[in-house]
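Below is one structure; the comments refer to it alone.
The values are calculated or read from the model by the stated rules, or taken from the named source; none is laboratory data. The structure displayed is predicted, hence computed values, not measured ones. Here the Cβ positions follow ideal geometry from the backbone for every residue, glycine too, while neighbour counts run over all protein chains shown.
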Amino acid sequence: MSQFFQIHAETPQARLIRQAAELLRGGAVAVYPTDSGYALGCTIGDKDALERIRQIRRLDERHNFTLVCRDLSDLATYAKVDNTSYRLMKKLTPGPYTFILPATREVPRRLQHPKRKTIGLRIPDNAVIQALLQDLGEPLMSTTLMLPGDELPQSDPYEIRQLLERQVDLIIDGGYGDLEPTTVIDLVDGTPVVVRQGKGDTSGLEQ
């Protein structure tokens, strides 16, 4: 049975954030809010938790996982990025965007796209996950909480609790989420290519 933390969306309770971070360090799979829909996450090095997330979403090895970061300070550690791409990311973050970039050697191979050797990076504009990342001191390995057969992400924390309370260790209720997923922008070649149009505005981005 999972734990269910009700955390204030604008002023997260420090005690609950600390408890959530400790659970993640101990190997938990967590459901948490972002500035789009809810997401599933675990720590980067936890193979078992990653496999549990794959099973919940029925993902194959080709799935691109995302590193959810607090700010751009983690960028150089996990991704190779040129100056033009960096300026674009600085302009659009924090916000509902996922950026596809070449991965560095710091990114475990199991998190990279097997052929392209890329990783998704995301800096959400959400006080709850920002506080959690601050306490953790490292990014979360993450994927949108979209269950098999669904066309939209999960957005109701109480419905998520009914569906997943026996499959995850922690559900963070940060209020109702957005139904629209992030906008995905491929920056692998240095030129922005919109792979998926979502919540993030891309007007004027592509030539």
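The criterion of at least 1 residues that are of a type in the set (A, V, I, L, M, F, W, C), out of contact with any strand residue (DSSP E or B) (no Cβ under 7 Å at 6 or more places or on another chain) and within 17 Å of residue 34 (Cα to Cα) is met by none of the strands (runs of 3 or more DSSP E) falling completely within region 60-177. With respect to the stated conditions, residue 128 fails to be within 29 Å of residue 13 (Cα to Cα), touching a residue at least 12 places away in the same chain (Cβ under 8 Å), in contact with a Lys or Arg (Cβ under 7 Å, 6 or more places away or on another chain) and among the aliphatic types (A, V, I, L, M). Checking region 32-42 against the condition returns a match, with at least one residue being at pLDDT 95 or above, surrounded by 19 or more Cβ atoms within 10 Å (Cβ to Cβ) and over 15 Å from residue 155 (Cα atoms).
Of the residues 129, 172, which single one is over 29 Å from residue 87 (Cβ atoms), of a type in the set (A, V, I, L, M) and buried (at least 22 other Cβ atoms within 10 Å of the Cβ)? Walk me through how you get there before you give the answer.
On the way: 129 fails: over 29 Å from residue 87 (Cβ atoms).
Within the list 129, 172, the selection yields 172.
Residue 70 falls short of the stated requirement of being under 23 Å from residue 182 (Cβ atoms), surrounded by fewer than 19 Cβ atoms within 10 Å (Cβ to Cβ) and basic (Lys, Arg).
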